[in-house]
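Trainee: Provided herewith is a single structure, encoded as structure tokens, for subsequent inquiry.
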Amino acid sequence: MKVYNPKNIKEALTYLGGKDTHILAGGTDLIVRIKDRDIYPKSIVNIKMLHLDYIKINGDFIKVGALTSVETLYRSEIINTYAPVLSDAVGKMGSPQIRNLGTIGGNIANASPAADTVPPLFVLNAGITLKSRRGKRAVAIGEFFTGPGENIIERDEFITEVVFKKMESDEVWFFKKLGQRKALTIAKISLAFGGRLSGRKLNEVSIALGAVASTVIYAKRTADFLNSKRLTRDVIDVVSKIIQKEIEPITDIRSTVEYRRKMAGALLKQGLLDIMYSVIARQS
Ligand SMILES: Cc1cc2nc3c(=O)[nH]c(=O)nc-3n(C[C@H](O)[C@H](O)[C@H](O)COP(=O)(O)OP(=O)(O)OC[C@H]3O[C@@H](n4cnc5c(N)ncnc54)[C@H](O)[C@@H]3O)c2cc1C
């Protein structure tokens, strides 16, 4: 197996394009797959030295380099302030070792339906920047995944950056994840929520779920129901049933259809009740 260690993006791109060429970032997914003999790369392009480890504010937008580690994201004041839904999700990922090595680009490119950064990036409506020798393109995260472990990345390109809009002060959010344990666990189900709140009325609601389908999905019907609704116990009870009808989970090694369906309702209900009670507390 040949390993390339390019010093810049231009050089890295010259090594890409072959069928059995794989990109190596933190290696926390790739090395496991090689060890498990799930893949047999002919060559590996180690992109660690490409200076893509950054978090920048650019006007109303946040730009995150593909090689930014999960731990760096978690410790970032910028992410904590302007993308708290992502901050919360990365706080629930892996062990310290995995968090220091694993990158945002690797988590996205790996295309696991249970990837923890992805539901928040759906809610943030993030754009993924890809580069190749042919040029550069941006793809909305909602159009990025085509199946478990599958995405729209061509052989000659790789992710360089993730871009999303800053969240504003009237935005409410939550990220919930259930796994086998409380920590160091892959999601049986995860749910990210974002929306704008005016008084108790919700708008621009976006809900994304992990580990309930072959890719992370939007729960669009559920979000549409909540738009323009005032948050009350009745509305929350109804919407927690709507989401259970909207999703079509499967039973697999991690969980069952029934559990995932029920928990989708329960996680949404819990998050919305928290928002409602904090509004009531502020108003009283
Ligand atoms: C013990 C353990 C615990 C874990 N816990 C969690 C968890 O709680 N939540 C979670 O979501 N994940 C978890 N993971 C999975 C993994 O750590 C994450 O998905 C991590 O973010 C992957 O990033 P990486 O840089 O290590 O990717 P790598 O392993 O380097 O790469 C993963 C895949 O993406 C490709 N790739 C990497 N970077 C790019 C790029 N910039 N452009 C194009 N393709 C690229 C690689 O070719 C490979 O196919 C865990 C893994 C382990 C081993």
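The values are calculated or read from the model by the stated rules, or taken from the named source; none is laboratory data. Only a predicted model underlies this, so the values are computations on that prediction, with no experimental measurement involved. Methodologically, a virtual Cβ is constructed for each residue, glycine included, from the backbone with ideal geometry; neighbour enumeration extends over all protein chains shown. These accessible areas exclude ligands, DNA and RNA; they are computed on the full protein's heavy atoms, side chains included. Shrake-Rupley method; radii C 1.70, N 1.55, O 1.52, S 1.80 Å.
Trainee: Note down, for segment 171-283, the three equivalent ellipsoid semi-axes (square root of 5 times each alpha carbon gyration tensor eigenvalue), biggest first, whole angstrom.
Mentor: Its equivalent ellipsoid spans semi-axes of 25, 15, 12 Å.
Trainee: Against the longest alpha carbon principal axis of the chain, how many degrees, from 0 to 90 and to the nearest 10, is the axis of helix 233-246 turned?
Mentor: Relative to the chain, helix 233-246 is tipped by roughly 40 degrees.
Trainee: Per residue, how large is the accessible surface of the chain? Use a 1.4 angstrom probe and give square angstrom.
Mentor: 49 Å²
Trainee: Take the Cα gyration tensor of the chain, multiply each eigenvalue by 5, square-root it, and list the three semi-axes largest first, rounded to whole angstrom.
Mentor: On the way: eigenvalues 235, 87, 50 Å².
Equivalent ellipsoid semi-axes, largest first: 34, 21, 16 Å.
Trainee: Can you find, among V123, V64, G18, the residue sitting farthest towards the positive end of the charge dipole of segment 2-165, where Lys and Arg contribute +1 and Asp and Glu -1 at Cβ?
Mentor: G18
Trainee: Could you compute the net charge surrounding I242? Neighbours are other residues with a C-beta less than 14 Å from the C-beta of I242; K and R count +1, D and E count -1.
Mentor: Result for the neighbourhood of I242: +3.
Trainee: Once phi is turned into θ = phi - 60°, what whole-Hz ³J(HN,Hα) does the Karplus curve with 6.51, -1.76 and 1.60 give for every residue of segment 194-210, x standing for Gly and Pro?
Mentor: Working through the residues one at a time gives x, x, 9, 10, 10, x, 10, 8, 9, 8, 6, 6, 9, 10, 10, 10, x Hz.
Trainee: Considering only Cα-Cα distances, which of the following residue pairs are longer than 20 Å: K19/K131; K241/K269; K176/K220; K176/K241; K48/K176; K92/K188?
Mentor: K48/K176
Trainee: A further question on this structure: Given H placed 1.01 Å from N in the peptide plane, which residues other than close sequence neighbours of I23 have an amide H under 5 Å from its amide H?
Mentor: For I23, whose amide H was placed from the backbone, the distant partners under 5 Å are V45.
Trainee: Compute the angle between helix 257-283 and the longest alpha-carbon principal axis of the chain, please, reported from 0 to 90 degrees and rounded to the nearest 10.
Mentor: Compared with the principal axis, the helix lies near 60 degrees.
Trainee: Right, another one. For the residue pair S278 and E11, what label-to-label distance in nm results when each label sits 7 Å from Cα along the Cα-to-beta-carbon direction?
Mentor: Simple spin-label model gives 4.6 nm for this pair.
Trainee: For segment 100-256, what Kirkwood radius comes out of the mean inverse Cα-Cα distance, in Å?
Mentor: Result for segment 100-256, one decimal place: 16.7 Å.
Trainee: By how many nm would the segment from K2 to M49 lengthen if fully extended, with 0.36 nm per residue of separation less the alpha-carbon distance?
Mentor: 15.2 nm
Trainee: Carbon and sulfur: what percent of segment 119-202's accessible surface (1.4 Å probe)?
Mentor: Roughly 46 percent, rounded to a whole number.
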